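Below you'll find the structure, written out as structure tokens, and then a few comments.
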Ligand SMILES: [Zn+2]
């Protein structure tokens with residue numbers, strides 16, 4: 001029988017959750033930045049065993065009183081409970097993915113297959129690599145099926161008939177968002193057919209009807225623009241951009257820049273908010289190229305959001321809450337790298353409007369992909385036998401993108417905890433906030449100190465408000481996915 005917890009018990013749990021997340025973050029930082037070879041999660045889970053027990057989740061659930069903080073704590077306890085259960089399957093999946101596969105006499109680690117395809121010029125070789133990747137993925141799918149069976153079984157013990165219902169209980173606006181996604185897919189169908197076709201033709205000489213899934217990563221890699229985005233200018237451009245907004249990156253005592261090169265350091269930039277706001281780490285290993293610039297600015301957006309978060313907020317408001325907020329701030333900085341006015345100021349990109357239009361087309365691909373993914377995931381997590389969803393994956397994703405995906409990806413291409421919904425809402429938040437900033441401060445809003453003051457003030461609110469509330473507070477508007485479509489249309493119309 002679940003019993004509501006006292007305020008004192010909830011406080012103790014909150015403190016425990018705070019330390020648990022800090023320890024997980026620190027371990028992730030040490031491992032992925034290449035400071036430490038092993039990734040030791042088990043001792044951390046053991047130190048905080050109470051947090052991930054079924055009774056804890058049920059008792060916190062019984063304590064939800066309409067307030068957001070306890071509901072967030074309940075979600076955290078449920079996710080911890082499920083996470084603990086599937087950690088074995090996840091370790092096995094991670095292990096399987098470190099194995100190598102044979103491609104024409106060469107041994108290639110499974111995880112290197114996608115980057116290899118993105119960097120392969122020869123079309124037939126790209127296809128061969130993709131076919132090998134699909135076969136290997138199919139072999140891992142047994143593990144994913146087991147993981148999903150465990151999640152389904154344990155979700156019922158948490159009191160919800162399935163995972164989708166569990167998240168509806170956390171008040172995720174899944175159904176409203178899915179409606180917006182269907183409308184977005186309709187309203188941008190022609191736009192994608194035209195812009196996508198032009199984009200693929202310009203970059204690789206194949207139209208939307210001819211392009212295959214193994215060509216897409218190659219096209220997105222955008223190697224033709226590499227020279228315009230050199231690696232030695234990434235950090236100076238970031239520092240100058242933040243400085244315009246009133247942030248002196250080098251003198252921020254609570255921001256650690258991990259710049260040193262280490263053999264096992266993940267090449268993609270990442271941010272770890274170990275203590276919010278006292279210790280936020282931004283890990284960088286600059287490679288150069290438009291993708292790498294985008295990743296750095298995205299992670300810098302997370303970094304500054306967490307570093308400016310008010311220390312007086314509760315654990316839930318700092319560490320939990322609506323991740324569409326931090327993703328929205330990350331998108332705001334990331335999308336500067338496809339902003340013509342910014343490109344002209346910080347880089348000498350030839351034909352900035354053209355680059356911005358291509359960036360908007362890639363954004364449209366992502367938006368349509370995530371719309372289809374969310375609709376798919378809502379259905380996926382409500383069925384008892386997930387193997388029945390294989391053809392539905394191809395139908396939904398292929399329908400949205402006009403490029404047929406591999407049905408072998410129908411299990412791996414799923415984000416835990418409906419994270420797709422946070423990205424979608426973050427894209428809407430960014431589009432609407434950017435429109436507001438441009439209206440109020442001009443097209444070069446990112447050079448204005450007063451825009452910087454407003455942004456820093458909003459950062460200080462952490463994740464106490466949701467993305468919807470934050471937008472309402474600043475602009476008075478509702479979060480609308482269609483705003484992201486308008487943003488894409490504007491960039492396409494400028495060329
Ligand atoms: Zn992010």
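The values are calculated or read from the model by the stated rules, or taken from the named source; none is laboratory data. The structure presented is a predicted model; accordingly, all values stated were derived computationally and were not measured. Virtual Cβ from ideal backbone geometry, glycine too; neighbours counted across all protein chains shown.
Okay, here's what the table says:
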{"read-out": "Qualifying position, being out of contact with any strand residue (DSSP E or B) (no Cβ under 8 Å at 6 or more places or on another chain), more than 16 Å from the ligand (Cβ to nearest atom), assigned to a helix (DSSP H, G or I) and modelled with pLDDT of 95 or more, among 341, 324, 372, 330", "value": "372"}
{"read-out": "Qualifying residue in the stretch 318-333 (condition: touching a helix residue (DSSP H, G or I) at 6+ places or on another chain (Cβ under 6 Å), within 15 Å of residue 420 (Cβ to Cβ) and surrounded by fewer than 22 Cβ atoms within 10 Å (Cβ to Cβ))", "value": "yes"}
{"read-out": "Residue in the stretch 349-365 that is within 22 Å of residue 489 (Cα to Cα), within 16 Å of the ligand (Cβ to nearest atom) and either modelled with pLDDT of 95 or more or not in a helix (DSSP H, G or I) (or both) present", "value": "yes"}
{"read-out": "Within the stretch 247-305, tally of residues that are within 16 Å of the ligand (Cβ to nearest atom) and without any contact (Cβ under 8 Å) to a residue 60 or more places away in the chain", "value": "14"}
{"read-out": "Criterion: more than 16 Å from the ligand (Cβ to nearest atom), without any contact (Cβ under 8 Å) to a residue 40 or more places away in the chain and over 21 Å from residue 71 (Cβ atoms) - qualifying residue of 480, 469, 473, 457", "value": "457"}
{"read-out": "Cβ-Cβ under 8 Å pairs, at least 6 apart or on other chains, the stretch 114-125 side within 17 Å of residue 406 (Cβ to Cβ), far side outside any helix (DSSP H, G or I)", "value": "116/108"}
{"read-out": "Single unsatisfied condition, residue 398 versus (1) in contact with a helix residue (DSSP H, G or I) (Cβ under 8 Å, 6 or more places away or on another chain); (2) assigned to a helix (DSSP H, G or I)", "value": "(1)"}
{"read-out": "Among the candidates 72, 130, residue that is closer than 22 Å to residue 381 by Cβ and in a helix (DSSP H, G or I)", "value": "72"}
{"read-out": "Scan of the stretch 198-224 for residues that are more than 22 Å from the chain's Cα centre (by Cα), touching a residue at least 12 places away in the same chain (Cβ under 8 Å) and surrounded by 15 or more Cβ atoms within 10 Å (Cβ to Cβ), ordered by number", "value": "198, 199, 200, 203, 204, 208, 211, 214, 215, 223"}
{"read-out": "Given (1) in contact with a helix residue (DSSP H, G or I) (Cβ under 7 Å, 6 or more places away or on another chain); (2) part of a loop (DSSP other than H, G, I, E, B); (3) at pLDDT 95 or above, index of the condition residue 286 fails", "value": "(3)"}
{"read-out": "Residue that is farthest from the ligand (Cβ to nearest atom), among those in the stretch 310-321 that are over 20 Å from the mean Cα position of the chain (by Cα) and part of a loop (DSSP other than H, G, I, E, B)", "value": "312"}
{"read-out": "Scan of the stretch 402-416 for residues that are in a helix (DSSP H, G or I) and in contact with a helix residue (DSSP H, G or I) (Cβ under 6 Å, 6 or more places away or on another chain), ordered by number", "value": "407, 408, 410"}
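Results for (1) in contact with a strand residue (DSSP E or B) (Cβ under 9 Å, 6 or more places away or on another chain); (2) touching a residue at least 24 places away in the same chain (Cβ under 8 Å); (3) within 25 Å of residue 322 (Cβ to Cβ), shown as yes or no for each residue.
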position: 37; (1), (2), (3): no, yes, no
position: 43; (1), (2), (3): no, no, no
position: 53; (1), (2), (3): no, yes, no
position: 59; (1), (2), (3): no, yes, yes
position: 66; (1), (2), (3): no, no, yes
position: 73; (1), (2), (3): no, yes, yes
